Amino acid sequence: MENPLNLSTLIVSGESELLEFKESFSDEVIKTLVAFANTKEGKVLIGISDKNKIIGINLQKETVQKWVNLTKNKTLHKIIPDTEIIEHENKKIVVFSIIEYPSKPISFQGKYYKRHFNSNHEMSAEEIINDYLRTRNKSWDMFTDGKYSLEDLDFKKVFDTILKINKNKNVQITEDPLLFLKKFGLIDGEKVTNAAMLLFPKLPDIYADIQIGLFETPTIIKKSITIRDDLVSEVDQVMDFITSYITKEYIITGRPQREEKWQYPLTAIREFVINAIIHRDYRSGIHSQFKVFRDKIEFWNYGKLPSEITIENLFKGTEKSIPRNIKVAEIFKEIGLIEKYGSGVKRAIDEIVSYGLLQPQMTEIAGGINVLIKGNFIDGKEGDKEGHRLTENQKSILSLIRRNNSISTQEISIKININKSNTEKNIAKLKKLNLLKRIGSAKGGRWQIIANI
């Protein structure tokens, strides 16, 4: 087939996540096709040198078909690529195209590969298991564990869950708890699924632990507790801890009741807590780690993102809905803890930004995902504000005084680059808000940052 324009365009674009060049057919071609099939899709162009030069390939009558048969016979599940022969300046190029296979993972001679940027990577055991479960619409929490039975379940918790579903969905589930568990696929006869043990345990297991602490610095812990309970209760207990140690301000609006404003939007924080709990990889036995500082909160959770989802996807809200624990997510949705699969993270990020805080930072660390949310801090547990938050200049003044409580007004004005008159006005405002006071004389005295009572 004459197709020089398309060929030239492909070669100029270079190798990528979807494109590979080979001088000749070999096992490396099959390995690449497997990686494409396990990731997205892709093309292998045979007859292109490693310097992206068209060198062509000698073909006999059955050559391409033999290559297809070799690919089929050396892979499991057997993959069959589409083929096309392109002629350019009397040189033949063979194009092998493969789709993303619906039933994954595909192996080549007993090994499994994924495409990452422009190279092939052998899959880990965890990636293989995750791909296998996901393409069969299954997850670890759907399987039973032989060491557990119905006697290990707390049926009061099951009944409480039925009541929550009835209230949330305005329906009446009339089944008894045992039939409810069967209907939702949480038991198999006398066998209990991992999801049921996470949601309704009599004795919660250590693999559901959450370590949460109050930190003065990254290395100084002021308070630390271990939360070990059913997953729904863990959400409430985490939020109780967080709200015990973050700040809250009262905004005086002139109305009889003062408005409360927390350091962070609680619905967004709760969304991140829920997201961590339902997406955690409980097979690992590694506990979640949540850290509360005076000016930030960190959530670290074990479990990597699926290869087809990036952190950028999460921020844009374009991620596919792939719950790591399908049954746990289903029950959370039924009782109203999550609204729509795949929408929570983007909604929480938007709420945090609209609250006047910085956009959260998400990074992949130590086999898991770390979420960092920075918040404004006001000295004292609770404070009054007359209708607005501190300005950036007022925050800078407090920051300078924390570092040097004998700093002069003139020095402050120079460091924050405003005139002395404006500096004095900002200091007067901080005093009025009961955030700052002067001890001693103007020359020999010092500043004291005080609690907002």
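The values are calculated or read from the model by the stated rules, or taken from the named source; none is laboratory data. In this text, all values refer to a predicted model and were calculated from it rather than measured experimentally. Glycine gets a Cβ as well: all are built from the backbone with ideal geometry, and neighbour counts include every protein chain shown.
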Problem set entry | Of all residues in the range 193-208 being in a helix (DSSP H, G or I) and in contact with a Gly (Cβ under 9 Å, 6 or more places away or on another chain), the one that is modelled with the highest pLDDT | 195
Problem set entry | In the range 11-41, the residues that are of a type in the set (S, T, N, Q), at pLDDT 95 or above and outside any helix (DSSP H, G or I) | 24, 26
Exercise. Say we look at the range 253-272 and pick out the residues that are part of a strand (DSSP E or B) and out of contact with any Asp or Glu (no Cβ under 7 Å at 6 or more places or on another chain); which of these is modelled with the highest pLDDT?
Worked result: 262
Exercise. Is it the case that residue 211 is within 20 Å of the chain's Cα centre (by Cα) and assigned by TED's automatic domain parsing to the domain that holds residue 274?
Worked result: yes
Exercise. Looking at (1) at pLDDT below 90; (2) surrounded by fewer than 20 Cβ atoms within 10 Å (Cβ to Cβ), which is the only condition residue 324 fails?
Worked result: (2)
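Every residue, every condition in (1) crowded, with 20+ Cβ neighbours inside 10 Å; (2) over 18 Å from residue 127 (Cα atoms), yes or no:
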| residue | (1), (2) |
| --- | --- |
| 26 | no, yes |
| 37 | yes, no |
| 97 | no, yes |
| 103 | no, no |
Problem set entry | residue 17 exposed (fewer than 15 other Cβ atoms within 10 Å of the Cβ), in contact with a strand residue (DSSP E or B) (Cβ under 7 Å, 6 or more places away or on another chain) and within 30 Å of residue 103 (Cα to Cα) | no
Exercise. Can residue 288 be described as of a type in the set (Ser, Thr, Tyr), at pLDDT 85 or above, touching a strand residue (DSSP E or B) at 6+ places or on another chain (Cβ under 6 Å) and crowded, with 19+ Cβ neighbours inside 10 Å?
Worked result: yes
Seminar exercise, completed: Here the qualifying pairs (Cβ atoms under 7 Å; residues six or more apart or on different chains; first in the range 289-312 and not assigned by TED's automatic domain parsing to the domain that holds residue 399; second modelled with pLDDT under 85 and surrounded by 20 or more Cβ atoms within 10 Å (Cβ to Cβ)) come out as 309/319
For this session: Quick one: residue 67 ticks every box in (1) more than 30 Å from residue 137 (Cα to Cα); (2) part of a loop (DSSP other than H, G, I, E, B); (3) hydrophobic (A, V, I, L, M, F, W, C) except a single one, so which number is it?
Result: (2)
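Results for (1) in contact (Cβ under 8 Å) with a residue 40 or more places away in the chain; (2) within 23 Å of residue 279 (Cβ to Cβ); (3) touching a helix residue (DSSP H, G or I) at 6+ places or on another chain (Cβ under 7 Å); (4) in the same structural domain as residue 228 (by TED's automatic domain parsing), shown as yes or no for each residue.
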| site | (1), (2), (3), (4) |
| --- | --- |
| 147 | no, no, no, no |
| 154 | yes, no, no, no |
| 165 | yes, yes, yes, no |
| 170 | no, no, no, no |
| 174 | no, no, no, no |
| 177 | no, no, yes, no |
| 189 | no, no, no, no |
| 192 | yes, yes, yes, no |
| 195 | yes, yes, yes, no |
Problem set entry | Residue that is basic (Lys, Arg) and free of Cβ contacts under 8 Å to residues at least 60 places away in the same chain, where the choices are 31, 114, 91 | 91
